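Scroll down for the structure; my scribbles are underneath it.
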Number of protein chains: 2
Amino acid sequence: MSETKERAYPVPSIRRLPLYLSFLRKLRDEKVEVVSSTRIAEELGLTGIQVRKDLAMTGIVGRPKIGHTINELVSHIECFLGWNQTRRAFLVGVGHLGTALLGYKGFQQENLDILASFDTSPQKIGKEILGRPIYPLSRFEEKAKELNVQCAILTVPAQFAQETADLMVKAGIQGIWNFAPVQLFVPEGIIVENVSLSSSLAVLSQRMNSQKTV
Amino acid sequence: MSETKERAYPVPSIRRLPLYLSFLRKLRDEKVEVVSSTRIAEELGLTGIQVRKDLAMTGIVGRPKIGHTINELVSHIECFLGWNQTRRAFLVGVGHLGTALLGYKGFQQENLDILASFDTSPQKIGKEILGRPIYPLSRFEEKAKELNVQCAILTVPAQFAQETADLMVKAGIQGIWNFAPVQLFVPEGIIVENVSLSSSLAVLSQRMNSQKTV
């Protein structure tokens with residue numbers, strides 16, 4: 001494993017950056033050129049301190065009473081997130097959710113390019129979704145090396161998630177976006193980001209439940 | 001607004017409960033009857049302290065050296081999350097993601113029953129997805145009251161998210177599961193749980209990005 005000195009930025013701050021981007025792009029479309037952190041805070045329901053802290057994380061230097069140039073803010077945030085260059089990805093597991101992600105237009109703005117998908121079902125292999133081929137899973141490693149893909153989206157059923165992650169790691173994948181409701185075990189240095197619908201639903205349900213009973 | 005004294009349980013703990021449930025159900029299928037928090041911790045890559053704290057939150061009383069009865073654990077967690085009874089929901093926005101959620105089988109285990117969906121597109125209205133009708137959005141309030149639905153899934157494009165949330169609140173919805181990449185403003189007492197794919201992708205990208213540059 002390569003030696004990594006990953007700087008641990010606060011996850012809630014990173015999670016807010018796309019919200020800023022989407023607001024800033026809207027302002028840019030409206031020909032606005034400059035915005036203050038106070039205005040951003042008001043629009044997004046945050047505190048001014050939060051916004052200043054989040055923006056400072058990306059290396060932006062504030063100019064008191066003047067505000068930030070929108071273009072500068074956008075490019076700082078995009079650079080910080082690595083969204084200023086295209087990230088190539090594969091998707092494994094072309095079920096309902098996989099298909100939805102393959103069809104999701106929002107990823108274009110985030111410069112995520114899902115080049116191809118993989119599945120084990122003979123009914124799916126050989127077809128295309130929006131121009132992207134569905135290959136047999138057995139060709140994952142070959143294709144990852146051929147196309148220099150280091151990012152993979154995992155949308156297989158829970159019981160196949162760990163073996164799929166193992167296969168991804170073996171193929172040189174550095175980052176896994178995991179949609180399976182499973183805790184994946186991966187070697188140190190491999191990044192896993194979980195999107196757990198169950199976890200999110202648990203929070204919603206528990207909060208609705210506890211509110212009902214008081 | 002009703003007076004709510006919501007107990008603030010730690011969100012990371014709530015988010016872990018579905019992981020426990022899925023592991024416990026697997027054990028139950030294997031005819032295992034008793035499990036220790038240490039074993040759960042090992043299997044899920046957590047610490048024993050975390051597991052004991054999370055389980056205690058649901059009101060389970062530990063029995064040192066004996067472990068927990070699996071049936072008891074499952075029912076405590078399900079009760080805590082309100083997953084022991086069916087929660088009826090509507091979905092608004094039958095695009096790719098909405099369709100994926102309508103087809104997602106995992107919600108059955110979580111007792112979430114999406115009764116119907118709503119859209120504004122004449123091409124979609126009147127059709128069915130897995131037996132659930134697609135109604136015009138204009139009928140949302142009428143249907144919510146008729147079927148006593150208090151939970152709604154929001155999967156419309158970002159620019160329509162706030163007005164859709166307003167419509168949901170007006171129709172008596174108490175909890176919104178928001179998949180649009182937008183900060184929703186809702187009256188106090190209404191629960192919003194955000195699933196932001198952009199935020200999750202931001203965390204993955206930033207971590208892959210910062211690892212590459214060290």
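Read-outs throughout are calculated quantities, based only on the coordinates presented, and are distinct from any laboratory measurement. Because the structure is predicted, anything quoted here is derived from the model rather than measured. A quick note on method: Cβ atoms are made from the backbone with ideal geometry, for glycine too, and the neighbour counts reach across all protein chains shown.
Note on the protein assembly as shown: Cα convex hull, mean projected area over all directions, 22.9 nm². In chain A, the beta carbon lying closest to the axis that superposes A onto B belongs to the residue given here with its whole-angstrom distance, A:A100, 2. Dipole size of region A:87-199 about its Cα centre, with +1 on Lys/Arg Cβ and -1 on Asp/Glu Cβ: approximately 300 debye, rounded to the nearest 20. Shape annotation for region A:67-161: C-alpha extents along the principal axes are 56, 27, 27 Å, from largest to smallest.
For chain B, the longest principal axis of the alpha carbon atoms and the long axis of helix B:48-57 meet at an angle near 60°. Summing charges over all other residues whose Cβ lies under 11 Å from the Cβ of B:D54, with Lys and Arg as +1 and Asp and Glu as -1, gives +4. Taking a straight line from the alpha carbon of A:K26, these aspartates and glutamates sit under 20 Å away, with near neighbours fewer than eight places off in the same chain left out: A:E42, A:E43, A:D54, A:E72, A:E78, A:E110, B:E163.
For peptide A:78-87, compute the average count of partner chain beta-carbon atoms within 10 Å of each residue's beta-carbon.
Average per residue, whole number: 4.
Could you work out the local net charge near A:K105, counting Lys and Arg as +1, Asp and Glu as -1, over the other residues with Cβ closer than 15 Å to its Cβ?
0
What does the charge count near A:I70 come to, summing +1 for each Lys or Arg and -1 for each Asp or Glu among other residues with Cβ under 9 Å from its Cβ? Overall, the nearby charge balance is 0. Against chain A, whose longest principal axis comes from its Cα atoms, helix A:197-212 is set at around 60 degrees.
A point 7 Å from Cα along Cα→Cβ stands in for A:V61, and the other copies hold the same point at 6.3 nm, listed in rising order.
Using only Cα coordinates, the Kirkwood hydrodynamic radius of chain B works out to 19.6 Å.
For a Förster distance of 30 Å, can you work out the FRET efficiency between the beta-carbons of B:L115 and A:Q123, rounded to the nearest 0.05? Show your work: numbers first, answer last.
Details: r = 30 Å, r/R0 = 0.99.
The computed FRET efficiency comes out at 0.50.
How high is the relative contact order of region A:7-128, in percent, with contacts defined as C-alpha pairs under 8 Å that are six or more residues apart? Relative contact order, region A:7-128: 21 percent. Ignoring lysines fewer than eight residues from B:K127 along the same chain, the ones with Cα atoms less than 22 angstrom from its Cα are B:K105, B:K143, B:K145.
Here the Karplus relation 6.51 cos²θ - 1.76 cosθ + 1.60, evaluated at θ = phi - 60°, turns the backbone of region A:104-120 into coupling constants of 6, 6, x, 5, 4, 5, 9, 6, 9, 10, 7, 6, 7, 10, 9, 8, 9 Hz, with x for every Gly and Pro. The alpha-carbon atoms of region A:11-81, seen along their principal axes, cover 31, 23, 22 angstrom, with the largest extent given first.
The angle between the Cα long axis of helix A:11-29 and the longest principal axis of the Cα atoms of chain A comes to about 70 degrees, rounded to the nearest 10.
Sparsely packed loop sites in region A:64-93 (the chymotrypsin sites (Phe, Trp or Tyr not before Pro) outside DSSP H, G, I, E and B with at most 10 other Cβ atoms within 10 Å) do not occur.
Looking at region B:124-204, the GluC sites (Glu not before Pro) that sit in a DSSP loop and have at most 14 other Cβ atoms within 10 Å of their own Cβ are B:E188.
Computed on chain A, with alpha-carbon pairs under 8 angstrom and 6+ residues apart, the relative contact order is 14 percent. Of the trypsin sites (Lys or Arg not before Pro) found in region A:94-178, those in coil by DSSP whose Cβ has at most 14 other Cβ atoms within 10 Å are A:K127.
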